[in-house]
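Everything below concerns the one structure shown next.
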Amino acid sequence: MNIIFLGAPGAGKGTQAENVSREYGIPAISTGAIIREAIKNGTEMGLAARKFTESGALVPDDVVIGIIKERLAMDDCAKGFILDGFPRTVPQAEALDKMGVRIDAVVSIEVSDEDIVRRMSGRRVCDTCGASYHIEYKPSKDGKTCDADGTELTIRKDDKPEVVRSRLETYHETTEPLKAYYEKTGKLKLVIGQEEVADTTRLTFAALAEMKN
Ligand code: AMP
Ligand code: ZN
């Protein structure tokens, strides 16, 4: 199954993408994680993307389309994949169509701006493996370091409140129109983000089960 997750930054699409990845045995592809990794490694792409990402702006379409083209060509995508954070603009969605990529389900996780701002302030990440935690909703075992590798958890530069507000604006203006784009194809499923992550997970699997048939 080829699945897209839509949703505002911090809506929990990354967490759900990971859940579905484990359950269905298909890779979850996060363009944000690929970009952060490239920035950390100081690659040419990372250097080009850095100023956009750290200020909360979108990286230019041609850069992320290139990332996705390369990633989807890898063997592990043959049985299906999950896109977490791509597409984020209508031209990116059109590029997927042009590549001949079939999409079976588009899950949009719906969370109010007010809740997003509250949630983002608690998000913590591991700079070593990219794992994402939340001080309230998904704490690591000791609350301070990564469960997988013991790295001290940090706040992402683009999770600072003023940057979050600008990312939300970008989401409403540029990414949310994708709901109408995929509504037309009959593939869109809205999932209302719940207070408890486990409840959102249940609703996500229910939505995907409907699209399988
Ligand atoms: P994320 O981890 O999905 O929140 O992505 C973090 C940042 O990476 C975003 O704020 C953008 O700067 C960049 N990014 C990730 N995916 C895309 C995309 N599909 N188009 C443009 N920029 C992206
Ligand atoms: Zn880690």
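The values are calculated or read from the model by the stated rules, or taken from the named source; none is laboratory data. Predicted model only: the values in this text are computed from it and were never measured. Using ideal geometry, Cβ is built from the backbone for each residue, glycine included, and neighbour counts are taken over all protein chains shown.
Okay, here's what the table says:
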{"read-out": "Close pairs from the range 46-61: first closer than 12 Å to D159 by Cα and part of a helix (DSSP H, G or I), partner within 16 Å of ligand 2 (Cβ to nearest atom) and among the polar types (S, T, N, Q), Cβ under 7 Å, at least 6 apart", "value": "none"}
{"read-out": "Conditions (1) more than 11 Å from ligand 1 (Cβ to nearest atom); (2) free of Cβ contacts under 8 Å to residues at least 12 places away in the same chain; (3) closer than 21 Å to D158 by Cβ; (4) of a type in the set (K, R); number of the one not met by K40", "value": "(2)"}
{"read-out": "Residue within the range 85-97 that is outside any loop (DSSP other than H, G, I, E, B), of a type in the set (S, T, N, Q), more than 10 Å from ligand 1 (Cβ to nearest atom) and more than 27 Å from D149 (Cα to Cα) present", "value": "no"}
{"read-out": "Single residue of the range 176-201 satisfying the filter (exposed (fewer than 12 other Cβ atoms within 10 Å of the Cβ) and part of a helix (DSSP H, G or I)) that is modelled with the lowest pLDDT", "value": "A198"}
{"read-out": "Answer from G10, G14 - the residue that is of a type outside the set (D, E) and either modelled with pLDDT of 95 or more or in a loop (DSSP other than H, G, I, E, B) (or both)", "value": "G10"}
{"read-out": "Checking I26 against (1) within 16 Å of ligand 2 (Cβ to nearest atom); (2) in a loop (DSSP other than H, G, I, E, B), the condition it does not meet", "value": "(1)"}
{"read-out": "Filtered residues of the range 127-159 (kept if within 26 Å of A57 (Cβ to Cβ), polar (S, T, N, Q) and assigned to a loop (DSSP other than H, G, I, E, B))", "value": "T128"}
